[in-house]
Each structure stands twice: as C-alpha cells, then as structure tokens.
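Notes to accompany the following structure.
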Amino acid sequence: MFDSLIHIKKAIGTLNPQHVRDLSERPIRIALHASNQDAYRQMEEFFLSQLTPARRRQSALLLARAPIPPSTQPFDLHVYDSGTLAPEKALVFHPHHTQAFVLKVLANNPSSGVVLAQRFVPFRRPFIDRVIAKTARENTLFSISTALPDVIPSIIELPWAVAEFASDTAFLTMNQVRMAFLLAAASDREVGYMQQKAEIASVIGSAFGWRALARQLVGKIPFGGGLIAKAAVAYAGTRVLGLSLERYYSIGFTYTREERDQIYSEAFRQGKQVALKMVSYIRPELTAKLNGRAQQR
C-alpha cells in the first residue's frame, strides 16, 4: 500500500488543475440568428435557464443577436433558429429537440465543453455524462492493456504513456482525479487540490477498494474471465465515482450505500460488455473464449 501511495502521488503530480481552469475561463461568444423577436427570446431563455440571477446576467453577455455589427469580435458559435434559412451543417435550434441540439454542439466543439457546461445549465449534465463515460472507457482500456502489453502502443492510444505508471492503481486514480477537476469546473465549482481535497481524498481512498476487488476476482477466475472482471471493476468504479461527484456538486450530498451498490452492479454489467468489445477489437482471437467465460459470471 505504501508503494502504491507513492506511485499515486507521482501520477497525480503530473496533473495541472490550471489547465482545467483555463478551459473554464476561456472566452466564448455565441451569435443567435432568428427570424423574429419571439424566436430570439426562446433561444435566450433556453441558454439562460436555471441560472442564478447573478450568473444569468454574466452569461447573457456571451449571447448576441444577429445582425452582428461589423466591429464586433468574432463569435465562437453561430446558432440558428429552426425558422431561419441556415447554412449547411449549421447548428440549428429546435425548441422541441433541445437534447439533440446540445449533443451536437458538444460533439462539434469539444474544447468548449467545460465553459459551455459552466455558463449554460442545459449543457451541464450532458457534458458531465460525456466526461464520466470517456474516463470510464479510458480506465477500462488501460486495465485491459496491462494484461495485454503487446498491444501497446501500436493499437491502443491512451492520453498518457503507459510506461510512465508503475501500476494500474496509479493511472486509474490519476485519471479519476482529472475527472473530478473537470466535473467541478463544469458544475461551476472551484477547481484544485486544496479546493477539492475532500473529493481527492475520496478518490484515493476508493482506489484501494477497487484494486482489492479486482485482484480478488482475477484470482478466482482463469485468465480470460479475470481480464474482463478486472476491466469491469475499473469501469464500474470510475462510473460510480463520477456519478457520486456529479450528485455532490449538483445538490450538496452524495448517494447512500444502497444506491451506490445498485449503481455499481449495473455499471459492472456495462463494464463487462465494454471490455468485451474492446478486447474483440484488439485481440479478436480471444473473443469467443472471453464471451463464454463472461457469461458464466
């Protein structure tokens, strides 16, 4: 455990929360294009909904109605009301299909996801869901890669070099701390080691629990099944942590033990399927064997 803590400390030391702060503080300006005043108000109300009065005033400054004066600084996003003639592949706002609109904006503007989530509540939960899902997949992939080292680095592309980390626990913990930074920023909370010391302590503490569970499962199951179980624990542990942080940042408290157990059970089942798909792509010759062993669990 002492060695693992040293590795975790070294891994976390590679993170710089200022990078996440910079993402949340980057300027963003949105030009709205509509055919009438009611359409403008409808779009503005969508963007500014659920904000406190103070934050609403601040975020309103990021929106501008077209036509835009020539002297105005360039805009990062142009959003068209469904009643206007929009350019091809433009972002079109349909008042009855707002979820699809949000997902398209986030997919087309990944570098603006943090600031959009922080400044405009309709983007917050979808962005957080994307961060949790991405982190869970990365941790699943890393867990698989340590059992199949011959696929690194030619097939798997990870956000950090595998060789820099002495253990699964160090990498998974570091990636979860990075997730905590992103979730805090998206939730309009302070970001940093001191500002999030309670959350980071929870991440580090839970790391040993997931590690012990993964080792226990691997020890009980032959190679193939153990690989999938280990990867599923990485996925489920990351997902439970992410959802718990999201709940804490949104309402001030987290899940009960019973609720976490239920979320973990479902996430573990999802994690097995995600791991099987990854292995089937990386090592297709193992797919049939792993599918059979996974079904036995």
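For this structure, a couple of remarks:
- Over the range 23-110: Rg over Rh, Cα atoms, Kirkwood Rh: 0.94
- Between THR256 and ALA54, the modelled labels are 3.4 nm apart [label points 7 Å from Cα along Cα→Cβ].
- Of LYS134/LYS197; LYS197/LYS277; LYS89/LYS197; LYS89/LYS272, pairs whose Cα-Cα distance is over 32 Å: LYS197/LYS277; LYS89/LYS197; LYS89/LYS272
- DSSP-assigned coil residues among chymotrypsin sites (Phe, Trp or Tyr not before Pro) in the range 97-148, each with at most 11 further Cβ atoms within 10 Å: none
- Annotation for the range 37-123: trypsin sites (Lys or Arg not before Pro) lying in DSSP loop with at most 15 further Cβ atoms inside 10 Å of their Cβ are LYS89.
- Fraction of the pair-distance distribution of the range 20-70 above 13 Å, Cα-Cα pairs, percent: 64 percent
- Note on HIS78, HIS94: ascending count of other Cβ atoms within 10 Å places them as HIS94, HIS78, the fewest first.
- A full extension of the chain between ALA64 and SER35 corresponds to an added length of 9.0 nm, given 0.36 nm per residue minus the alpha carbon distance.
- Note, ³J(HN,Hα) from phi for the range 126-134, Karplus 6.51, -1.76, 1.60, rounded to Hz, x at Gly and Pro: x, 5, 4, 4, 5, 5, 4, 5, 5
- Fewest-first ranking of HIS96, HIS33, HIS19, using other Cβ atoms within 10 Å as the exposure measure: HIS96, HIS19, HIS33
Since every read-out is calculated from the coordinates, none of them should be taken as a lab result. Just so we're clear, the structure is a prediction, and the values are computed from it rather than from any experiment. Cβ coordinates were reconstructed from backbone atoms using ideal geometry, including for glycine residues, and neighbour counts include every protein chain displayed.
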